[in-house]
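Participant: Can you read through this structure? Questions will come right after.
The values are calculated or read from the model by the stated rules, or taken from the named source; none is laboratory data. Since the structure is predicted, the reported quantities are computational estimates derived from the model, not experimental observations. Please note: Cβ atoms are built from the backbone with ideal geometry, for glycine as well, and neighbour counts cover all protein chains shown.
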Amino acid sequence: MPDIGLGGAVGFWALATLSVGAALGVVLLSNVFRAALALVLCFVGIAGLYVTLNADFLAAVQILIYAGAIAVLLIFAVMLTRDTQRGSLWNRYRVAALLIAGLFLGTVLAIVLGTDWGTARLLSDAPTTGGIANALFDKDAGFVLPFEVASVLLLAAVLGAIALLREG
Amino acid sequence: MPGLSHYLALSAILFSIGLFGALSKRNAVVVLMCVELMLNAVNIALVAFPRYLRPGLYTGQIFAIFVVTVAAAEVAVALAIIIAIYRRRETIDVEQIDLMKR
């Protein structure tokens, strides 16, 4: 297995603990606003995990879009609805949901830990932004059409949100 | 030392936490937060696979970027729907939003 150094290992375990703890906070905290803040913490932890995976561009995207834009939108929604005062309640499927999530987790963990992934010997430490751009806009195997479709999707989503929220 | 299986296990744990929350919460905004958690968990796996199996291949990260884009669009529309429902019915409790079941 390639060596990413003691710092990488410590960073991984610290960030993994932070992310899982914050994710548990999102589900278990009874105050909706605190759950939203825990979600921001989880997003930041995942951005750190991207750094340990040498995905510098994605780490920046994660902070900008998730911890920035999406978190602000979610906190706006929390503050605009009065259900927040009742707290984050459970519905009647709590036990079944725990069972399903536990079954899923057990299955995936059994598969992941039971497979020999044959990890590559050499890990690249090069910056990824240029590589992503080249792969995204490659003439033959690029993602130019999905890229344009994504921009149309964003425009449609913005227009749809405005249309939904206009009075009348 | 953390390897691919560590990242995949972490991804699975985060996804399961999100799945549990999305299925068992009553506040629609919290359900949406848990869906975001699940999308993030998938992104970790998408970035970890090429990092350890095919270094120098960026398709996984590009997929993750598209997931982030679609998630941003999804959050905007979903929150607009939640606020619109709240205006009409004064609640965003997913157990009380059952108009189509009647």
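Participant: List the number of the failed condition for B:Pro2; all other conditions in (1) in a helix (DSSP H, G or I); (2) more than 28 Å from B:Arg87 (Cβ to Cβ) hold.
Facilitator: Only one criterion in (1) in a helix (DSSP H, G or I); (2) more than 28 Å from B:Arg87 (Cβ to Cβ) is unmet by B:Pro2, namely (1).
Participant: Another question about this same structure. Give A:Ile46, A:Ile65 a once-over and let me know the one that is free of Cβ contacts under 8 Å to residues at least 24 places away in the same chain, closer than 27 Å to B:Gly60 by Cα, within 14 Å of the chain's Cα centre (by Cα) and not assigned by TED's automatic domain parsing to the domain that holds A:Leu165. Give the steps one after another, and end with the answer.
Facilitator: Numbers: A:Ile46 fails: free of Cβ contacts under 8 Å to residues at least 24 places away in the same chain.
So the residue among A:Ile46, A:Ile65 that is free of Cβ contacts under 8 Å to residues at least 24 places away in the same chain, closer than 27 Å to B:Gly60 by Cα, within 14 Å of the chain's Cα centre (by Cα) and not assigned by TED's automatic domain parsing to the domain that holds A:Leu165 is A:Ile65.
Participant: Residues in region B:12-49 that are of a type in the set (D, E, K, R) and without any contact (Cβ under 8 Å) to a residue 60 or more places away in the chain: how many?
Facilitator: Here the count works out to 1.
Participant: Of all residues in region A:99-128, which are in a helix (DSSP H, G or I) and loosely packed, with under 15 Cβ neighbours inside 10 Å?
Facilitator: Filtering region A:99-128 down to residues in a helix (DSSP H, G or I) leaves A:99-114.
Listed by number, the residues that qualify are A:Leu99, A:Gly102, A:Leu103, A:Gly106, A:Thr107, A:Ala110, A:Ile111, A:Leu113, A:Gly114.
Participant: Applying the selection to region B:25-50, what residues are at the interface with chain A (Cβ under 7 Å from one of its Cβ atoms), in contact with a Ser or Thr (Cβ under 8 Å, 6 or more places away or on another chain) and in a helix (DSSP H, G or I)?
Facilitator: Matches in region B:25-50: B:Val29, B:Val30, B:Ile44, B:Ala48.
Participant: Hey, any hits in region A:89-111 for a residue that's over 21 Å from the mean Cα position of the chain (by Cα), closer than 10 Å to A:Val32 by Cβ and facing chain B (nearest Cβ under 7 Å)?
Facilitator: yes
Participant: Determine if region B:52-66 includes at least one residue that is modelled with pLDDT of 90 or more, more than 20 Å from A:Ala59 (Cα to Cα) and at the interface with another protein chain (Cβ under 8 Å from one of its Cβ atoms).
Facilitator: no
Participant: Turning to a different aspect of this structure: Which one is surrounded by the fewest Cβ atoms within 10 Å (Cβ to Cβ) among residues in region B:72-93 that are more than 7 Å from chain A (Cβ to nearest Cβ) and either over 19 Å from B:Val30 (Cα atoms) or in contact with a helix residue (DSSP H, G or I) (Cβ under 6 Å, 6 or more places away or on another chain) (or both)?
Facilitator: That would be B:Arg88.
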